[in-house]
């Protein structure tokens, strides 16, 4: 039974890595968005924001990206590692 938990953890980890691999194109998009938001927040807090947006100007809509695939893959990779470690603990405590 304990070995089964570790084996399931390994499979869940590899499934999570597979999902992250499928979302590898979106990683750069979201990293670019995060850095842009981070720079904007730094400019606003430091008072260096000299560019004023026009009132009533709607922001451009971002293209649809597969964020759920990236977050789900990362979550499954972490869950797989935890299940594997739980399996190791169960094997060595019995």
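The values are calculated or read from the model by the stated rules, or taken from the named source; none is laboratory data. This structure is a prediction, so every number in the text was calculated from the model and none was measured. Don't worry about glycine lacking a Cβ; one is built from the backbone with ideal geometry, like all the others, and counts go over all protein chains shown.
Scanning for something under 11 Å from residue 69 (Cα atoms), without any contact (Cβ under 8 Å) to a residue 24 or more places away in the chain and loosely packed, with under 11 Cβ neighbours inside 10 Å, does segment 34-41 turn up at least one residue?
No, there is no match, as no residue in segment 34-41 is under 11 Å from residue 69 (Cα atoms), without any contact (Cβ under 8 Å) to a residue 24 or more places away in the chain and loosely packed, with under 11 Cβ neighbours inside 10 Å.
Show me the helices (runs of 4 or more DSSP H) found entirely inside the chain where at least 1 residues are touching a helix residue (DSSP H, G or I) at 6+ places or on another chain (Cβ under 8 Å) and modelled with pLDDT of 95 or more.
Of the helices (runs of 4 or more DSSP H) lying wholly inside the chain, those with at least 1 residues that are touching a helix residue (DSSP H, G or I) at 6+ places or on another chain (Cβ under 8 Å) and modelled with pLDDT of 95 or more span 2-22, 67-93.
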